Every structure is written in C-alpha cells, then in structure tokens.
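> Quick one: the structure is below, questions incoming.
We did not get these values from a lab; they are worked out from the coordinates using the rules stated. Note that the structure is predicted; figures quoted are calculated from it, not measured. Because the Cβ atoms are built from the backbone with ideal geometry, glycine has one as well, and the counts that use them run over all protein chains shown.
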Number of protein chains: 2
Amino acid sequence: MVERSRAAPIGVTGEHTGQADPHKRTSDGRAPNALDRWLFRQMTSRLDSSRVRVVLWDEPAPSTTTDSLPVVVRIGDRKALRRVILHPNLYFGDLYSTGRITVHGDLVALLQAAYKYTAEKPSKLERLLRGRRIPTPDLADSRRNIHHHYDLGNDFYELWLDREALQYTCAYYADPAMTIEQAQQAKMHHVCRKMRLKAGETVAEAGSGWGGFAIFMAKNYGAKVRSFNISREQVAHAREWAKREGVANNVEFVEDDFRNIAGKYDVFVSIGMLEHAGAGNYRDLGKLIDRVLTPEGRGLIHSIGRDRPEPLNAWIDKRIFPGAYPPTLREMMDIFEPNGLSVLDVENIRLHYAETLRGWLERFEENVDTVREMFDETFVRAWRLYLVGSIAAFLSGKLQLFQVLYARTGARNVPWTRAHVYEHGD
Amino acid sequence: MVERSRAAPIGVTGEHTGQADPHKRTSDGRAPNALDRWLFRQMTSRLDSSRVRVVLWDEPAPSTTTDSLPVVVRIGDRKALRRVILHPNLYFGDLYSTGRITVHGDLVALLQAAYKYTAEKPSKLERLLRGRRIPTPDLADSRRNIHHHYDLGNDFYELWLDREALQYTCAYYADPAMTIEQAQQAKMHHVCRKMRLKAGETVAEAGSGWGGFAIFMAKNYGAKVRSFNISREQVAHAREWAKREGVANNVEFVEDDFRNIAGKYDVFVSIGMLEHAGAGNYRDLGKLIDRVLTPEGRGLIHSIGRDRPEPLNAWIDKRIFPGAYPPTLREMMDIFEPNGLSVLDVENIRLHYAETLRGWLERFEENVDTVREMFDETFVRAWRLYLVGSIAAFLSGKLQLFQVLYARTGARNVPWTRAHVYEHGD
C-alpha cells in the first residue's frame with residue numbers, strides 16, 4: 001500500500017534573495033499615521049501572530065528568507081494597506097506582484113493560513129463581493145478568456161511543464177517518487193484505463209491543450225481522436241506535434257469551440273476544460289455529450305472543483321484565469337442528471353495537484369531568469385503567487401480535483417469493478 | 001482484467017408450474033365488453049408486441065412458462081384491467097401478488113421493458129402521481145417504516161440471505177464466480193479498505209441490519225463499533241450473535257435512531273440506511289457526521305440511488321418499503337457540501353446489486369414452500385415480484401448503487417491513490 005506524507009514544508013519562500021527587484025518600494029518617507037495604525041490593527045487582530053506577522057513600511061524588510069515561522073508580510077505603502085483591507089482576495093495579488101507587499105518566509109504556509117482564515121470568517125464586505133453571479137461565458141467570452149491565458153506563448157509553458165506531453169493539468173503520481181514527466185504519463189494512462197479505451201475507437205476531446213493527450217491516445221491506445229480547442233497558438237503547436245509523432249492521420253485538431261462538435265464518438269473526454277466552460281453551460285454540455293455519444297459510449301470529465309460553491313479568487317479571476325469557475329460535484333451533476341448519463345466513478349485526487357504544482361514551481365524557479373527576460377519582474381511575481389497559491393489551495397482543501405467517469409444510464413458494458421485500473425506495472 | 005457479460009436471460013419466470021395457486025382467478029364468466037376492449041387497446045398500443053403480449057380473461061393462460069418471447073401477461077378480471085390502467089406502478093404489484101394478473105415467461109425481461117417504457121414516456125396521469133413530495137420521515141415514521149419491513153421475522157430473512165453475515169444490502173462480486181457468501185464478505189472488506197479501517201479505531205454505524213457488518217469490523221479489523229438500529233428484532237439478534245462470536249466487548253448495539261448518536265468516532269459508516277432516512281434529512285445527517293467525527297475522521301455511505309430524481313415505485317412504497325427514497329448523487333451532496341465534508345471517491349456498482357438479488361431470488365425459490373407456510377401465496381408472489389423487479393431496475397439503470405467515501409475538507413490523511421483497495425488476493 002502506497003502511503004504518503006508531506007508534512008515537511010514545501011520550501012517556497014516569497015522573496016528570493018540575490019534577485020534584483022525593480023519594484024521594491026520604500027515608505028516614500030512618510031510614517032504610518034493614526035488611521036493607518038487603526039486599519040492595521042483591524043486587519044491583524046484576527047491573525048495568529050505565532051504564524052504570521054504583518055509589518056508596515058516604517059519597518060525594514062527582514063533579511064532572512066527562511067521557512068521558519070512566523071512568516072513576515074511587509075506592506076510597503078499607505079495605498080497598499082488600504083487596498084488590501086478593502087478586498088484582500090483581489091488586491092493582495094496585484095500588490096504582491098508589483099512588490100508593494102513582500103512576503104518573508106514560507107509563502108505556501110502563509111496562503112494556507114489565509115485560506116483557512118478567509119473561508120471560515122469572511123468579512124461582510126468579502127461576503128458581498130463573493131456573492132456575485134457565477135459567470136456563464138458565451139463563445140466570444142470563452143475565446144477572449146482562453147486567449148488571455150493560453151496564448152502567452154508556447155515557449156513560456158515549455159519552460160516549466162513536463163517535457164514529454166506538455167500537460168497543463170493535474171498529474172497522477174501513481175508512485176510518489178515519480179518525476180513530473182512520469183506522473184503526467186501515468187495520469188493519461190489512468191484516464192484511458194478508467195474509460196477502457198480500445199484500438200480503433202473514436203474519441204472527441206473538448207480542450208486539447210498543446211495536444212499531448214490526444215496524441216497519447218492515438219499512439220498508446222490506437223484511438224482516432226478529434227480534439228477541439230479555441231486557442232490558436234495551441235492548435236498550431238498540436239498539429240505540428242502530431243505530424244512529428246507520425247499520428248497526424250489519427251488525430252485531428254479542430255480550432256473551434258467544442259460546442260460546435262458534430263458526429264458520433266465512442267468516447268467523450270475532457271481534461272481541464274470544464275473550469276472554463278461556466279457552470280451555466282453544464283446542462284448544454286451534457287446535452288451535447290448525449291447527442292454525440294454512441295449507444296455504448298462513455299467518457300471522463302477531469303476538472304478542478306470545490307467542496308462547497310464559491311467564486312474563483314478575485315485576483316486569479318482578474319489576472320490569471322478570467323471567467324474560470326471550479327464547480328462542486330453537485331454543480332457538475334447538471335452535466336449528467338438531466339441528460340440520461342450515469343456517473344460510474346468519481347475520484348478526488350486534490351493532493352496530486354499540489355504535487356504537480358510543486359513540480360511546475362521548481363522548474364519555473366529554475367528558469368525564472370528566462371521568464372523575467374520574456375516578460376518582467378511583475379509577471380514573475382504574479383506567476384509565482386499563482387503557482388504557490390494553488391499549492392496552498394489544494395493542500396488546504398479550498399480546491400479539489402475530480403475525475404468523473406460516466407456512461408449512458410442503463411449501459412450494460414460498464415466495467416464490472418475498477419480492478420483493471422490498478423492491474424498495471426506503472 | 002475481469003470482464004463480465006450476462007447477456008443470457010436470468011431465467012425467472014413469473015408463473016411456476018406445478019405450484020398450487022389458490023388465488024388464480026377466472027373471468028367470472030363475463031366476457032370483456034366494448035369499454036374493456038377500448039381500455040385494453042389504449043394500454044397495449046405502445047407495447048412492442050414481439051416482446052410483450054397482453055391478454056384478457058377470455059383467453060386461457062398459456063401453458064408454457066419458458067423464457068421465450070413474447071412474455072404473456074394475462075389480466076384476470078375487469079377490475080384488474082381498470083386498476084392497472086389507472087396506476088400501473090401501484091396496482092400491478094397488488095394484482096400480480098393476488099394472482100389476478102399472471103405473467104407467463106421471463107418476468108425480468110417484462111419488467112425491464114416496463115421500466116424503459118414508463119421512464120421514457122410516462123403518461124400525464126403517471127407524471128402527476130410521480131410528482132408527489134419526497135417523503136421526509138421523522139423518528140416515529142422511521143420506526144413504523146422499519147418495523148414494517150425488517151421485523152417480518154429473522155427466520156424469514158435467514159432463508160434466503162447469505163448464511164455468514166446476513167447482509168441485506170448489495171454484495172461486491174470482486175470475482176464474478178463468487179458465491180453470495182463470498183461476495184458479501186468481499187463487500188465488507190471493500191468498504192473497510194476504502195475507509196482504511198485500523199485496529200483500535202472507533203466506528204459509529206448507522207443501521208446495523210442483523211449486526212453482520214459491525215461484527216465483521218470488530219473481528220477482522222479490530223475496530224470498536226457502536227451500531228444504531230431501530231428494529232427491535234434485529235438488535236436482539238445482533239446482540240446474541242456478537243456474544244456467540246466473542247466480540248460483545250467491542251461491538252455495542254444500540255436500539256435507537258442514529259440521530260441520537262453521541263460521542264466521537266474515527267469512522268462513520270452506513271450501509272443501506274440512507275434509503276430510509278428521507279432526502280429532507282440529509283443535511284442534518286451531515287451535520288451529525290460533522291459533530292461526531294474526529295478531526296482525522298472519515299467514512300462511507302453505501303446507498304441505492306438514481307441517475308435522476310424520481311419517487312420510489314408506488315407499489316414498493318406501499319407494500320414493501322414504506323417511506324423509502326433512493327437519492328441521486330446531487331441529492332446526496334446535501335450530506336457533505338454544507339457540512340465541511342469532502343467527497344473522496346464514488347463508486348457505482350449497480351450491476352452487483354442485480355447479481356446479489358439473483359442470488360437471493362435463487363435461495364428464495366429453493367425455500368418457497370417454507371415461505372408459503374410462514375405467510376401465504378400472496379406474500380410469496382409479492383416478494384418474488386419485489387426481488388425480480390429490483391433485478392430489472394438495477395439492470396435497466398432505473399436504480400444505481402453508490403458507495404461514497406468522504407473525509408473532512410482539507411484532510412491530509414486521505415489515501416494517496418485507491419491502489420490499496422485492489423492489492424489483496426480476495
């Protein structure tokens with residue numbers, strides 16, 4: 001039985017000594033006034049000071065960047081203080097990215113504490129801001145949102161994703177000692193085994209990424225894949241790649257929204273796309289699956305999710321993934337329940353996503369100078385915060401990772417047990 | 001990889017030749033009139049006559065009871081015809097039980113066809129009748145409902161349940177060749193492995209049955225179990241049994257509703273109880289789980305379910321399981337989502353329930369003369385219809401069987417993968 005414990009800190013420190021930081025701010029020469037002090041006390045009164053210490057711009061930044069507690073958060077100027085109090089979920093990210101807030105110590109630990117704190121006791125203002133409508137993107141929204149994130153340049157993602165399949169989704173560490181390359185291969189096998197994908201079967205994929213999984217299914221399982229993606233850069237990359245791998249005849253990449261899919265398929269699979277589909281569109285997604293699936297068809301939806309409904313973090317929504325929404329299992333049932341689909345198997349592998357992100361972050365930091373040259377220091381700090389924040393979110397249970405296997409209601413060709421998924425050496 | 005196909009008919013015929021049937025009705029000497037004929041055409045116009053043929057009381061019952069198609073359904077008198085048209089879900093059961101409707105041929109095939117037909121095209125009247133409120137039993141309702149079914153006498157259930165653990169819930173045929181005894185042991189191991197039950201851990205069980213699973217956990221996993229049940233007969237049986245097995249010190253059977261549970265437990269488990277709890281009580285059940293679970297606690301809910309919400313079959317509700325309700329996964333989320341619980345794993349093993357029921361039915365028919373002596377022929381026919389109808393419901397996908405593994409949101413001691421569940425010889 002594979003056991004796993006990662007009690008040790010992941011060792012991500014917010015500030016990296018020896019790196020130039022063009023954004024570092026001082027106090028502008030003005031000391032905090034009485035209102036600043038009062039606001040500061042409001043913000044810090046609920047913090048556990050043995051874990052987190054907040055200082056203002058009249059104190060120097062700590063010189064150490066060790067993992068020891070307390071983590072020190074330094075607020076660099078008055079405007080930063082007022083903004084982070086007004087809407088921490090939104091402004092902390094921007095202020096951290098531009099260096100107006102600096103974090104000295106374990107950033108993962110800080111964010112885990114913050115998640116716990118904000119989840120349990122949101123302020124009235126926070127509740128109000130969180131209560132906004134769940135976004136339901138239409139086709140135009142989706143194109144804009146996807147372009148924002150995925151068309152940053154393939155070169156950028158190649159710096160820190162796994163080198164074999166460029167998977168920008170949760171890996172599966174069947175063995176905890178796996179490299180990220182091995183774990184991404186294991187993830188793709190895991191999904192194909194759950195679906196019992198067989199040679200010659202037709203697959204519709206919603207969301208191709210850079211094409212890694214579509215090519216994997218063709219090469220390793222002999223499937224005929226049609227894969228949909230609205231990111232132009234990714235589709236171009238995927239087509240080239242399929243040619244190089246010699247599977248261009250069996251993998252077609254369609255630069256179109258999956259909602260325009262036609263034809264009949266044995267399998268409908270989607271890895272890491274549902275987060276961008278919008279909860280209001282799930283029912284239509286299920287209708288589409290029902291329409292394109294053969295009578296014995298089945299499939300798998302792999303998505304980031306939640307234990308309870310909550311909008312995406314405001315900063316992530318604004319700067320990283322516009323329009324994204326991680327659904328609860330209850331919300332995901334809109335896909336299946338009204339559309340004659342039967343849920344066969346749900347697996348929650350959230351800790352594997354924390355591990356995947358740790359792998360990405362390591363590579364990112366190894367290549368941080370290249371990233372800084374491609375973009376700038378603000379981008380580096382923003383991306384670091386996004387990766388670290390996501391680690392903290394999966395560790396703390398703020399985010400989940402669901403794989404949902406389904407078939408048509410009443411299907412008789414469903415797997416008898418799940419033992420076949422585990423009867424392999426890798 | 002274990003594959004399984006049961007395309008062959010299960011071989012249950014509605015009428016058993018050579019058995020005395022004191023309820024057999026004739027036409028009372030009155031031939032069907034014009035209205036009878038018209039009603040008859042309304043009822044049969046949508047039937048596939050190659051599969052099902054319906055005859056009235058002016059035709060003799062077919063002498064064969066083979067599995068060949070079409071299945072012949074004989075309606076024995078005018079009142080029976082009118083009732084089965086008014087509300088087939090409710091009256092078919094009673095009319096079949098009393099022999100006023102007889103079925104000649106494969107009863108499973110008939111009921112599968114009927115389920116498919118009624119699910120896809122319910123009449124307006126049926127829709128109206130199905131639209132009634134989902135029952136939310138209070139404590140008094142629950143006691144009455146449970147007494148109705150489970151206090152029929154332990155002797156009766158011992159005639160046809162597995163002989164080792166008296167499990168009146170879905171078995172797990174890890175190997176399709178298993179006997180029902182083996183499959184029930186495998187089910188209990190499957191649940192304990194999913195929960196990673198360890199020696200010395202405390203378990204709260206909601207719904208004991210005859211005590212088989214509580215005793216199993218104490219004997220095989222060294223757990224300390226407190227098990228709640230409101231069926232007096234079952235509790236008495238369970239206490240005796242625990243003494244005989246020498247685990248009375250580690251298993252306490254409490255004759256009380258699980259809602260009165262107190263204390264702290266490492267595990268909260270419930271097999272086949274949720275169906276009787278009432279969908280309106282799920283939120284409170286989750287609150288209770290949250291209250292009694294240790295910080296590292298976890299558990300499993302095993303329940304009959306649905307792919308889409310629908311009330312229980314009216315006849316089953318009236319004659320067999322008053323107040324029972326099989327929830328959808330969405331409805332089950334009321335347990336977890338509002339109460340800080342995280343779903344780790346859902347497995348749907350509906351085909352195993354069809355197999356379990358087939359095992360029960362075989363034993364039931366082997367002992368049918370004893371059952372007839374205990375009760376009467378109407379009871380025999382009702383129970384047969386219930387077992388056969390349930391086989392058809394699980395085969396056709398009208399019913400599902402969900403095992404839901406959960407822990408607290410953010411728990412770090414959750415299983416890394418599910419491989420440990422499958423790393424055993426049995």
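> Given B:Tyr265, B:Val225, B:Ala248, which one lies farthest toward the positive end of the charge dipole of the range B:139-422, if we put +1 on the Cβ of every Lys and Arg and -1 on the Cβ of every Asp and Glu?
The residue sitting farthest along the positive end of the dipole is B:Tyr265.
> Which of A:Ile261, A:Ile304 comes first, and how do the rest follow, when ranked by fewest Cβ neighbours within 10 Å?
Sorted ascending by nearby Cβ count, the order is A:Ile261, A:Ile304.
> Turning to a different aspect of this structure: May I ask for the distance between the Cα centers of the range B:260-312 and the range B:333-394, given as a whole number of Å?
Centre-to-centre (Cα) distance: 20 Å.
> Another question, then. Provide, for q = 0.15, 0.16, 0.19, 0.21 Å⁻¹, the log10 of I(q)/I(0) from a solvent-free Debye sum over equal Cα point scatterers in the range B:272-340.
Evaluating at q = 0.15, 0.16, 0.19, 0.21 Å⁻¹ gives log10 I(q)/I(0) of -0.51, -0.57, -0.75, -0.87.
> Could you tell me the calculated FRET efficiency between B:Asp58 and B:Phe379, based on Cβ-Cβ distance and R0 = 30 angstrom, to the nearest 0.05?
Values: r = 29 Å, r/R0 = 0.98.
Efficiency at R0 = 30 Å is approximately 0.55.
> Another question, then. Using the crude model of +1 on Lys and Arg Cβ and -1 on Asp and Glu Cβ, and no other charge, please compute the dipole size for the range B:299-426 relative to its Cα centre, in debye to 20.
Approximately 400 debye in magnitude.
> If I take the Cα coordinates of the range A:139-422 and project them onto the principal axes, what are the three extents in Å, biggest first?
So the extents along the principal axes, rounded to whole Å, are 55, 44, 42.
> How far apart, in nm, are the 7 Å Cα→Cβ label points at A:Asp369 and A:Ala177?
It works out to 3.3 nm between the two label points.
> Between copies, how far does the label point of B:Ala262 sit from its twins, in nm, shortest first, when each point is 7 Å from Cα along Cα→Cβ?
Computed spacing set for this position: 6.9 nm.
> Here is a follow-up. Any idea what Rg and Dmax come out to for the range A:197-272 if you just take the C-alpha atoms, in Å?
10.9, 30
> Moving on. What does the charge dipole of the range B:139-422 about its Cα centre add up to, to the nearest 20 debye, if the Cβ of each Lys and Arg holds +1 and the Cβ of each Asp and Glu holds -1?
920
> Hey, got the average number of other protein chain Cβ atoms within 10 angstrom for residues in A:337-349?
Average neighbour count from other chains, rounded to a whole number: 6.
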